[in-house]
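Enquirer: Take a look at this one; I'll ask things after.
The values are calculated or read from the model by the stated rules, or taken from the named source; none is laboratory data. Note that the structure is a prediction, hence the values are computed from the model and not measured. Glycine also receives a Cβ, built like all others from the backbone with ideal geometry; neighbour counts cover every protein chain displayed.
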Amino acid sequence: MLTVSPSAAEAIQLLVEHSDAPESAGIRITAGAPTDQGTPLALELVDGPQPDDEVVNDGEAAVFLEPQVAPYLADAVLEAQVDGGEVAFALRDNDVSERPSPNGAQPH
């Protein structure tokens with residue numbers, strides 16, 4: 001399941017607080033139109049999830065994942081950076097060296 005970093009949770013909270021959205025609002029991640037370079041992701045502040053969305057809620061901030069993108073973000077971390085009132089979100093992979101392999105062996 002997608003992990004929301006503390007910086008992303010704080011950024012989402014700030015966006016919700018400074019909008020007309022209800023407290024139950026959050027960020028929704030959807031797939032854009034496929035291109036030759038791949039499929040871009042879009043982030044949008046929304047009032048709540050769509051009926052089939054996967055909801056990631058750490059108690060401080062909510063992220064709603066479109067069903068088509070949720071499997072691709074299962075091992076990702078949502079990060080954010082706030083600079084002068086501008087918010088930039090980024091996705092990164094969890095560090096695989098911190099996860100045990102399926103057979104229990106640790107990477108070297």
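Enquirer: Scan region 1-24 residue by residue and report those that are within 13 Å of Val82 (Cβ to Cβ) and either surrounded by 12 or more Cβ atoms within 10 Å (Cβ to Cβ) or of a type in the set (Gly, Ala, Ser) (or both).
Expert: Across region 1-24, the qualifying residues are Ser5, Pro6, Ser7, Ala8, Ala9, Glu10, Ala11, Ile12, Gln13, Leu14, Leu15.
Enquirer: Then there is this: Name the residue that is surrounded by the most Cβ atoms within 10 Å (Cβ to Cβ), counting only residues in region 27-42 that are outside any loop (DSSP other than H, G, I, E, B) and modelled with pLDDT under 95.
Expert: Leu41
Enquirer: Could you list, in sequence order, all residues of region 56-83 that are in a strand (DSSP E or B) and without any contact (Cβ under 8 Å) to a residue 12 or more places away in the chain?
Expert: Correct list: Asp83 only.
Enquirer: So how many residues does region 1-26 have that are modelled with pLDDT of 90 or more and either within 11 Å of the chain's Cα centre (by Cα) or on the phi > 0 side of the Ramachandran plot (or both)?
Expert: Residues that pass the stated criteria total 8.
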